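Data block below; observations after.
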Protein chains: 2
Amino acid sequence: MSNVNIVLGIDIGGTNTSFGFVDRAGTIITETSMETKSNDSVKDFVSRLHYRIQEVRVDLPSHHSLCGIGIGAPNANYYRGTIEQAVHLNWGGTVDFAGLIRKYYNIPVSITNDANAAAIGEMLFGNARGMKNFMVITLGTGLGSGIVVDGHLLYGNRGFARELGHTMVDPAGRQCKCGKKGCLETYASATGLVRTALTLLAERCDPSPLRAMSSEEITSKRIFELAQKGDKIALEAFDQTARILGMKLADAIALTGPEAIFLSGGLSMAGDILLKPTQQYMEDFLFSAYKGSVKLMLSGMAPGKSAILGAAALIWSELDL
Amino acid sequence: MSNVNIVLGIDIGGTNTSFGFVDRAGTIITETSMETKSNDSVKDFVSRLHYRIQEVRVDLPSHHSLCGIGIGAPNANYYRGTIEQAVHLNWGGTVDFAGLIRKYYNIPVSITNDANAAAIGEMLFGNARGMKNFMVITLGTGLGSGIVVDGHLLYGNRGFARELGHTMVDPAGRQCKCGKKGCLETYASATGLVRTALTLLAERCDPSPLRAMSSEEITSKRIFELAQKGDKIALEAFDQTARILGMKLADAIALTGPEAIFLSGGLSMAGDILLKPTQQYMEDFLFSAYKGSVKLMLSGMAPGKSAILGAAALIWSELDL
């Protein structure tokens, strides 16, 4: 049997770390996950991760050959291979994460933030195949953005992610975890939707099952389920989220000129309830020369697979060069 | 005497068209201008332009060799070589301007909008020499933007300019000529400054020589002169302009990651009265990871020369390849 080249894709989150072996066609041959336990030292984490990888690797058929490792992680710096000031990972200031992995593996290792990995995944394995200019927006606890220009991820001068999530909606607006006020991700994200629903419960008088729930009980999933049943507060919460997201996507289009924008992450699973009004508002806010020229679509990668596929795509895109 | 390669840089405006012969070092050997008379047909315009170019060209020393023509024009499409829907040029929908010029000259011809030309000019002849990621903002009647990423102008999917001037400040805000409301250029431009001063005259009670002027008499230059003398309304108008510009520059930095932003155009001649507060507000609005990493400076090209130099730089940058 001929040799099959594969890569390892690793997605590091504050709670869980998942990884999988992925071939060039985007098939996940095997995958697993482990607790991140981010209070451990980063050296202990990498040692534990290596052990788990080896456990899985021995079960791979012998004709597989590992060519590279791609990593998606919060606050990763692509140029330096580092994870810097990641608030959900208690590893201190700047960690040379790619360097720590290279101590165990003598193959190419690359790291970037999760939204950038999602964008490369979309380009290699998802709905952006064949596109040169597009954007992936990850809507989860926060809002991440990966911007591809002329076929390359837009890193900017210092190698960090592009942060659409921290552009300004309202300087007197909601407190953001980044220290600023009024950032887009405080409105357009799973947590932003919940905050909008809470505001609407205060502002409006419509009856809603949301009124029987505590703030902590209200989740984006519950708001989605109620919106499907026609709940007025829930529907209005989606509409306000869509309006703010559509407005800021129009700004991002004016600056970077994509042919398509893909929504990814937990909140994007709301589908048309979010997608349709966002598209409408985006069109309304677009500069005339761009109207009708940008597609807004859902990601083409399965929600549970996109993180590993994105990390794998990162290293595949470099091995392809 | 050895041969000297030169290019022709042409800047087309609604009122005047200027052009000049420029060497690779950015020296303008000779320049002149003519009325655009945009009510004439575009064919008549190009014929008249060609005649004027020939008049100037015959006086050039014989050892100069013309290698290319670069053109800066409103609503120019770089990929197609066209000028499209330019409201200040009554040439109809889409004009193949590069094609019309090529009928007279059998050398490379390239066209882009004036802000993009300014950005390439800054890279070749101005303060962006050696930079790979930067932005030029032209503050005149409107607000234009040229964004350079990894050493290349960011055109996006369709070849038009990137339009920071038409990103959103306030959806319920000032009417813009583009048909939308609340675009950045209705606040941060020479005309935007005048509109802000008018609003302040309505909102505040401070005495000011501006109260003796009609709306048509108030210009950005007069507001600047009064600001230098400590006029409260004028100073506040600059401060509000700086705040909005600083906020939207912070958004643009989050999306494209430049190492520097250069202000150009008539309003930038206000210097520190605009530059200092804009820089302060920009820093305040920056996402923590970018704070302190982006320089805000004035253009390094002389205001009266930048349009011709930018157009010349456009074609030099292609001949260099």
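Here are some notes:
- In straight-distance terms, cross-link reach from A:Lys229 covers every one of the aspartates and glutamates whose alpha-carbon lies under 19 Å from its own, apart from those fewer than eight places away in the same chain; here that gives A:Asp206, A:Glu217, A:Asp239, A:Asp272.
- Hypothetical label at B:Thr15: residues of the range B:81-95 whose amide nitrogen lies under 17 Å (7 Å Cα-Cβ projection): B:87-90
- Per-residue SASA entry for B:Asp320, accessible area with 1.4 Å probe, Å² rounded to 10: 80 Å²
- Residue-averaged beta-carbon neighbours from other chains (10 angstrom radius) around B:244-255: 5
- Size descriptors for chain A: radius of gyration and Dmax over Cα atoms are 20.2, 68 Å.
- Cα-Cα separations in the range A:1-90 greater than 16 Å, expressed as whole percent: 57 percent
- Within a Gaussian network of chain B (alpha carbon springs, distance under 10 Å), most fluctuating of B:Gly156, B:Gly81, B:Gly265: B:Gly156
- Set of aspartates and glutamates near B:Lys291 by C-alpha distance (under 15 Å), chain-local residues within fewer than 8 positions excluded: A:Glu84, A:Glu163, B:Asp251, B:Glu259, B:Glu283
- The value given for the protein assembly as shown is a Kirkwood hydrodynamic radius of 26.6 Å, derived from the mean inverse Cα-Cα separation.
- By the equivalent-ellipsoid construction on the alpha carbon gyration tensor, the range B:24-68 comes out with semi-axes of 24, 12, 10 Å, ordered largest to smallest.
- A:Ser299, B:Ser2, ranked by accessible area, largest first (probe 1.4 Å): B:Ser2, A:Ser299
- Heavy atoms of B:Glu225: accessible area, 1.4 Å probe, square angstrom to 10: 70 Å²
- Taking the label point 7 Å along Cα→Cβ, B:Pro209 and its counterparts in the other copies are spaced 6.9 nm apart, in ascending order.
- Rolling a 1.4 Å probe over the protein chains gives A:Thr141 an accessible area of about 100 Å².
- A simple spin-label model places pseudo-atoms 7 Å from Cα toward Cβ; at A:Glu203 and A:Arg102 they are separated by 5.1 nm.
- Starting from the label point of A:Gly159 at 7 Å along Cα→Cβ, the same points in the other copies fall at 3.7 nm, in ascending order.
- What separates the B:Leu60 label point from its copies, with the point 7 Å along Cα to Cβ, is 6.1 nm, written shortest first.
- From phi via Karplus (6.51, -1.76, 1.60), per-residue ³J(HN,Hα) for the range A:244-259 in Hz, x at Gly/Pro: 5, 5, x, 5, 6, 5, 4, 4, 5, 5, 4, 8, 10, x, x, 8
- Relative to the dominant Cα principal axis of chain B, helix B:272-285 is inclined by about 70°.
- Among the listed pairs A:Lys177/B:Lys221; B:Lys37/B:Lys276; A:Lys37/A:Lys177; A:Lys248/A:Lys305; A:Lys221/B:Lys181, a Cα-Cα separation exceeding 30 Å is found for A:Lys177/B:Lys221; B:Lys37/B:Lys276; A:Lys221/B:Lys181.
- Considering only beta bridges that DSSP places wholly inside chain A, some 60 percent are antiparallel.
- Within the listed set B:Glu283, B:Glu35, B:Glu203, the residue fluctuating most in the Gaussian network model of chain B (springs between alpha-carbon atoms under 10 angstrom) is B:Glu203.
- Inter-site label distance for A:Ala302 and A:Thr94 at 7 Å from Cα along Cβ, in nm: 4.0 nm
- Two-site FRET efficiency, A:Glu217 against B:Leu321, from Cβ-Cβ distance with R₀ of 56 Å, rounded to 0.05: 0.40
- Candidates B:Asn75, B:Asn90, B:Asn113, ranked by Gaussian network fluctuation over chain B, Cα under 10 Å, top entry: B:Asn90
- For A:Asn16, distant residues with modelled amide H under 5 Å away: A:Thr36
- Shown in residue order for the range B:10-22 are the 3J(HN,Hα) couplings computed by the Karplus curve 6.51 cos²θ - 1.76 cosθ + 1.60 at θ = phi - 60°: 10, 10, 9, x, x, 9, 10, 10, 10, 8, x, 8, 10 Hz (x for Gly and Pro).
- Computed Rg/Rh of the range A:55-187, alpha carbon atoms with Kirkwood Rh: 1.03
- Chain B: angle of helix B:42-57 to the longest principal axis, Cα-based, in degrees nearest 10: 70 degrees
- Sulfur and carbon atoms: percent of accessible area, the protein assembly as shown [1.4 Å]: 49 percent
- Per residue of peptide A:214-222, the mean number of Cβ atoms on other chains within 10 Å of the residue Cβ is 0.
- Here each label is just a point 7 Å from Cα along the line to Cβ, and for B:Arg52 and B:Cys67 those points are 2.6 nm apart.
- Interchain or long-range residues, amide H under 5 Å from B:Ile29's placed H: B:Phe21, B:Val22, B:Asp23
- A cut-off of 5 Å between modelled amide H atoms, ignoring neighbours fewer than 5 places along the same chain, links A:Ala260 with A:Met135, A:Lys295.
The values are calculated or read from the model by the stated rules, or taken from the named source; none is laboratory data. None of these values were measured; they are calculated from a predicted model. Positions of Cβ are generated from backbone atoms using ideal geometry, with glycine treated the same way; all protein chains shown enter the neighbour counts. Remember, those area values only see protein heavy atoms, side chains included, never the ligands or the DNA or RNA. Shrake-Rupley method; radii C 1.70, N 1.55, O 1.52, S 1.80 Å.
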